[in-house]
Amino acid sequence: MPVAADRILYQDEHLLAVNKLSGELVVRGKGAVGRLPLLDFLRKEYPGLRALHRLDFETSGVLLFARTKAAADAVISSRFAGWRKTYQTLVMGRLARTQGSISKSLPSRGSGTVPAETRYRTLERFANSSFVEAEPLTGRQHQIRRHFAAIGHPLVLDQEYGHRKFNGIFKQEFGYQRFFLHAASLSLPHPVTGKGLRIEAPMPEQFKKVLRALRSI
C-alpha cells in the first residue's frame, strides 16, 4: 500500500519529502520494532531511497529522502550547506524574551562536547507554557530538547529532559502523552539543480488541539 498522497510534501526525480507522524520510526535501530520503519515502508514504492536526515520518534514534520545516489552524494559532500530547519514546540513556563539564542555545548556522539546554537522566537504565551518557533543552527542530538531544558523551559511532556511534576499535571489536565515538536519547514538548495526549495508540513491535529485548549484557559 503506497504512502498516503497527502503525506507527500514534495517530490521530483531526485528527492522525496514526506510528512512524518509523531510515533513513527525513520530507520531501523538495534532493537526490535513494532511496525515497519518509515524508510523501509517507502522503499517498497521508491526503491533505493536514502534518508538524508533523521527526526526523533516523537517528532513530526518534514523529512527529506534522496531518490538517487547523485542527490545523496551531493548533500553529503556539501555537509548540508544552506539547509535551514524551523521547528514549532511547546515549552514549560512563560518565556520572558520574544526572541533569543541559546548557545551551549552539548555531548558529542563520541566523547567530550561540541558547540551548539539554537535561535528561537516566542509565538504565544499561555498561563503555564509558551508556543515557540526554534531554528537549530547546528545539528546535535536532541538539540532543541536539551537547549530549552538548559534555560529552565523544557519541552512540555518531555520525559527525558523535562520537569516530572509539571509533566504529570499537564498530562492529567489535557490527556496527552508525547511532547510536541514539529519540523514545520525545511529550506535548502536543490542538491542537483541548485534551485532554492522550501518545504512545509502542516501542524498535526493534536498539536492544534492542545493550542486551542491553552488559548481557552
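The values are calculated or read from the model by the stated rules, or taken from the named source; none is laboratory data. Keep in mind that what you see is a predicted model, and the values were worked out from it rather than measured. Every residue, glycine as well, gets a Cβ built from its backbone with ideal geometry; the counts of neighbours run over all protein chains shown. These area figures cover heavy atoms from the full protein model, side chains too; ligands, DNA and RNA do not enter into them. Shrake-Rupley method; radii C 1.70, N 1.55, O 1.52, S 1.80 Å.
The table below gives the values:
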item	result
Selection count where residues are among the charged types (D, E, K, R), exposed (fewer than 15 other Cβ atoms within 10 Å of the Cβ), under 20 Å from the mean Cα position of the chain (by Cα) and not in a strand (DSSP E or B), scope the range 177-217	3
Filtered residues of the range 200-217 (kept if touching a helix residue (DSSP H, G or I) at 6+ places or on another chain (Cβ under 7 Å) and in contact (Cβ under 8 Å) with a residue 40 or more places away in the chain)	Val210
Where a residue in the range 76-89 is at positive phi and its partner, wherever it lies, is open to solvent by less than 50 Å² (accessible area, probe 1.4 Å) and β-branched (Val, Ile, Thr), with Cβ under 6 Å and at least six apart	none
Candidate set from the range 71-113 (those that are within 30 Å of Glu13 (Cα to Cα) and polar (S, T, N, Q)); member that is farthest from the chain's Cα centre (by Cα)	Ser77
Total residues in the range 4-23, condition free of Cβ contacts under 8 Å to residues at least 60 places away in the same chain, of a type in the set (A, V, I, L, M, F, W, C) and open to solvent by 60 Å² or more (accessible area, probe 1.4 Å)	1
Unmet requirement for Phe174, which otherwise passes all of (1) in contact (Cβ under 8 Å) with a residue 24 or more places away in the chain; (2) open to solvent by 100 Å² or more (accessible area, probe 1.4 Å); (3) out of contact with any Asp or Glu (no Cβ under 8 Å at 6 or more places or on another chain)	(2)
In the range 85-95, residue surrounded by the fewest Cβ atoms within 10 Å (Cβ to Cβ) [restricted to those that are in a strand (DSSP E or B) and hydrophobic (A, V, I, L, M, F, W, C)]	Met92
Phe131 being outside any strand (DSSP E or B) and either surrounded by 15 or more Cβ atoms within 10 Å (Cβ to Cβ) or basic (Lys, Arg) (or both)	no
Residue list for the range 101-128, restricted to those being open to solvent by less than 50 Å² (accessible area, probe 1.4 Å) and assigned to a loop (DSSP other than H, G, I, E, B)	Ser108, Ala116, Phe126
Qualifying position, being open to solvent by 50 Å² or more (accessible area, probe 1.4 Å) and either outside any strand (DSSP E or B) or within 20 Å of Tyr87 (Cβ to Cβ) (or both), among Gly152, Gly139, Gly168, Gly162	Gly139
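A quick yes/no check of all residues on (1) over 18 Å from Lys20 (Cα atoms); (2) modelled with pLDDT under 95; (3) surrounded by 21 or more Cβ atoms within 10 Å (Cβ to Cβ); (4) not acidic (Asp, Glu):
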site	(1), (2), (3), (4)
Arg54	no, yes, no, yes
Arg67	no, no, no, yes
Ala71	yes, no, yes, yes
Ala74	yes, no, no, yes
Trp83	yes, no, no, yes
Arg97	yes, no, no, yes
